[in-house]
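Pasting a structure here, questions to come.
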Amino acid sequence: MVQAQRAVSENEAKQNGDPQDRELQTKTDGQQPKQEDKKPSVIRRHPYWTALIIAGLIGLGIATYFVWLVYFYPYETTDDAFVDARSFALATKVSGYLEDVSVTDNAHVAAGAVIAKIAPRDYQIAVDQAEAQVEAAKASIINATAQIDVASAAIDEAKAREASSGAALQFAKDEANRQRQLQQGGAGSLQTSQQAESNLRQAQAAYAEAQANISSAMKNKVAAEAQRTSAEASLKQAEAQKESADQNLDYTTLTAAQPGRVVKISGAKGQFVQAGQAIAMFVPDEIWVTANFKETQLADMRPGQPVELTIDAYPDHLLHGKVDSVQPGSGTAFSLLPAENATGNYVKVTQRVPVKITVDNWPKDVSIGPGMSVEPTVTVRPRG
């Protein structure tokens, strides 16, 4: 009986339902139409158009960036840049044994500083010999000048004798003619006439001798002048030899032509070196930066534009400089074997052009030399 009553109660509860359950069912039934009325989003309805719009916006942003980079970005930079200098080899101009090497590797020297010395003994002997030749040539000139003076005096004396003998010859001619006329007229003797003729012949001989003396004295003078000319030429040759010997003696001391650093010293004391043999390398203090920019970066680059530089070895040093010049041609155009483009398999490659950049003030607390990598940034357009 009790079980039957429970079964009747459960059936009534199922039919009537719990109030909370009826309320929840009512809410659920009320929301169902709203969810059925909601439409899908635009992205879901037009996925392709949405993707195109997003891609267009991204492309527009990229294009805007490149336009700004090409036409409005005020800088041009490259990592293909390095410190450059006109380094050269230090070589001796004369041969000999190195007597001393006055500097060490990487030492800084001032202009005129002594770098090395070659034993000067042999070259000092050559200077002494040249000085002796100079003195001998001077003595020859003095001797030739004295001979010229003697010849000139002899000429003057011979001319005086010629004048005297000429007068005596004229007197003898007149006397011989007079005695001849007297003899023919019977007023003179034959002996007197013959004596006058003898005196005439003696006067003629004396006159001829005087003329010969003049000719001989003149020839002696010409010979003395030629000797002096030869002695003067010998003097010039001796002076040239002495100058060459003095120069070679000076070349035994190797000095710095300009301030800079001596590197890669290969010469040592006691080593024999030939003329022209390099014993070290020299790096002048005058250094700059050679930056190889792409040819497409040169449109707005001009000499005088400011440059900021950083050295890879010393990144904490910010340097300032300016564009000095732009090479009128690519780097390959001046190479030993320039590229030949007149071929059928030509491929266009962007060329690089060297740009010389000078630095206002190089740092003094670090060592900077040719070949060190640099990153320059050139301001090619005024910054707004």
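Taken together, the values in this text are just the output of simple stated rules run on the coordinates, not laboratory data. Since the model is a prediction, treat every value here as computed from it, not as a measurement. Using ideal geometry, Cβ is built from the backbone for each residue, glycine included, and neighbour counts are taken over all protein chains shown.
Estimate the FRET efficiency between Leu318 and Phe88 by the formula 1/(1 + (r/R0)^6), using the beta-carbon distance for r and 25 Å for R0, to the nearest 0.05.
E(calc), rounded to 0.05, equals 0.20.
Can you bin every Cα-Cα distance in segment 56-120 into 5 Å intervals starting at zero and give me the percent of pairs per bin, rounded to whole numbers?
Here the calculated profile for segment 56-120 is 3, 10, 12, 13, 9, 6, 5, 5, 5, 5, 6, 6, 6, 4, 3, 2, 0.
Determine, for Ser140, Ser373, the number of other Cβ atoms within 10 Å of each Cβ, and report the residues in order from fewest to most.
Starting with the residue having the fewest Cβ neighbours, the order is Ser373, Ser140.
Show the residues, 5+ positions off or on another chain, whose built amide H is closer than 5 Å to the amide H of Thr255.
Placed amide hydrogens put Ile115 under 5 Å from Thr255.
Answer rounded, prolate or oblate for segment 245-384, using the Cα gyration tensor with square roots of eigenvalues a ≥ b ≥ c: rounded when a/c is under 1.5, else prolate when a/b is larger than b/c, else oblate.
oblate
Another question, if that's okay. If each residue's Cβ is checked for other Cβ atoms within 10 Å, how do Leu60, Leu249 rank with the fewest at the top?
Leu60, Leu249
Under the 0.36 nm per residue contour assumption, what length would be gained going from the current alpha-carbon distance of Glu131 and Lys348 to full extension?
71.3 nm
If we count other beta carbons within 10 Å of each Cβ, what is the order of Tyr346, Tyr97, Tyr48, fewest first?
Numbers: Tyr346 10, Tyr97 14, Tyr48 7.
Least to most surrounded, the residues fall as Tyr48, Tyr346, Tyr97.
For Asn106 and Leu60, what does the FRET efficiency come to when R0 = 51 Å and r is the distance between their Cβ atoms, rounded to the nearest 0.05?
Between Asn106 and Leu60 the formula returns 0.35.
Label Thr332 and Tyr48 with points 7 Å out from Cα along Cα→Cβ: what is the distance between them in nm?
4.7
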